[in-house]
């Protein structure tokens, strides 16, 4: 019925269904903002941009994830540096991260695989000590939590995919970026919509990365 109602009303650009999804997803994760976007790859890219990652910056991640994680880093003009994985969990080996940090390192992008995660508490300590941002790739970890805290709420800006084969899938391509940061949320909403903050007012160099209401419903 929800889909039929949306189809009867149209048009299929953003709208109340997307807003309802964003509110529900943010509430579920325990974060202040969720911004629906076109897919998980775009969500990762936007999370990097909203985290202030610039060309030439280095981002530490892992090599056993789907290539969208690395592609997003390259799209942002940054340089991926690969940490080894823990052979028992197949997650990023947090103990191997500090040796990779250089003067150009700006962020750590852990990819939570198979509904699991690495040592997020130790990762948080490293990021605080070295003044690095954590950007979580949660494409395979919807609903996973540590000590009652959902994945997607540890980093400042984090990304989800709702591709049909993911743990939580839509009918087609869909993604979301989540954050507690008001300024980042405003930037994300503009970037996904051609840089607009209001009709015909473009403050950012954005593009079309909007979530369509069919997927949101």
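Here residue 69 meets each of (1) within 23 Å of residue 171 (Cα to Cα); (2) at pLDDT below 95 with one exception, condition (2).
For the range 60-73, a residue qualifies if it is part of a helix (DSSP H, G or I) and touching a helix residue (DSSP H, G or I) at 6+ places or on another chain (Cβ under 7 Å), and the qualifying residues are 68, 69, 71, 72, 73.
Between 169, 103, the distinction of being part of a loop (DSSP other than H, G, I, E, B) and either touching a helix residue (DSSP H, G or I) at 6+ places or on another chain (Cβ under 7 Å) or surrounded by 14 or more Cβ atoms within 10 Å (Cβ to Cβ) (or both) belongs to 169 only. The set of residues in the range 130-157 that are closer than 25 Å to residue 103 by Cβ and either within 15 Å of the chain's Cα centre (by Cα) or surrounded by 16 or more Cβ atoms within 10 Å (Cβ to Cβ) (or both) comprises 132, 133, 134, 135, 136, 137, 154, 155, 156, 157. Residues considered: 133, 104. Of these, the only one that is touching a residue at least 60 places away in the same chain (Cβ under 8 Å) and under 20 Å from residue 55 (Cα atoms) is 133. Checked across the range 129-143, the condition of being over 26 Å from residue 78 (Cα atoms) and in contact with a strand residue (DSSP E or B) (Cβ under 8 Å, 6 or more places away or on another chain) holds for at least one residue. Only one of 57, 8 is surrounded by fewer than 21 Cβ atoms within 10 Å (Cβ to Cβ), out of contact with any helix residue (DSSP H, G or I) (no Cβ under 6 Å at 6 or more places or on another chain) and in the same structural domain as residue 156 (by TED's automatic domain parsing). Can you tell me which? Testing whether each residue is surrounded by fewer than 21 Cβ atoms within 10 Å (Cβ to Cβ), out of contact with any helix residue (DSSP H, G or I) (no Cβ under 6 Å at 6 or more places or on another chain) and in the same structural domain as residue 156 (by TED's automatic domain parsing) leaves just 57.
Of all the criteria given as (1) in a helix (DSSP H, G or I); (2) closer than 16 Å to residue 42 by Cβ, the one not satisfied by residue 177 is (1).
Go through the residues of the range 203-210 one by one and say whether even a single one is in contact with a strand residue (DSSP E or B) (Cβ under 8 Å, 6 or more places away or on another chain), at pLDDT below 95 and surrounded by fewer than 16 Cβ atoms within 10 Å (Cβ to Cβ). Yes: one or more hits.
For residue 88, the conditions (1) in contact (Cβ under 8 Å) with a residue 12 or more places away in the chain; (2) surrounded by fewer than 18 Cβ atoms within 10 Å (Cβ to Cβ); (3) under 20 Å from residue 115 (Cβ atoms) all hold with the exception of (1). Scanning the range 1-53 for residues that are part of a loop (DSSP other than H, G, I, E, B) and over 30 Å from residue 79 (Cβ atoms) yields 1, 10, 11, 12, 13, 14, 15, 30, 32.
The values are calculated or read from the model by the stated rules, or taken from the named source; none is laboratory data. The shown structure was predicted, so the numbers you read here are calculated from the model rather than taken from an experiment. Positions of Cβ are backbone-derived with ideal geometry, glycine not excepted, and every protein chain shown enters the neighbour counts.
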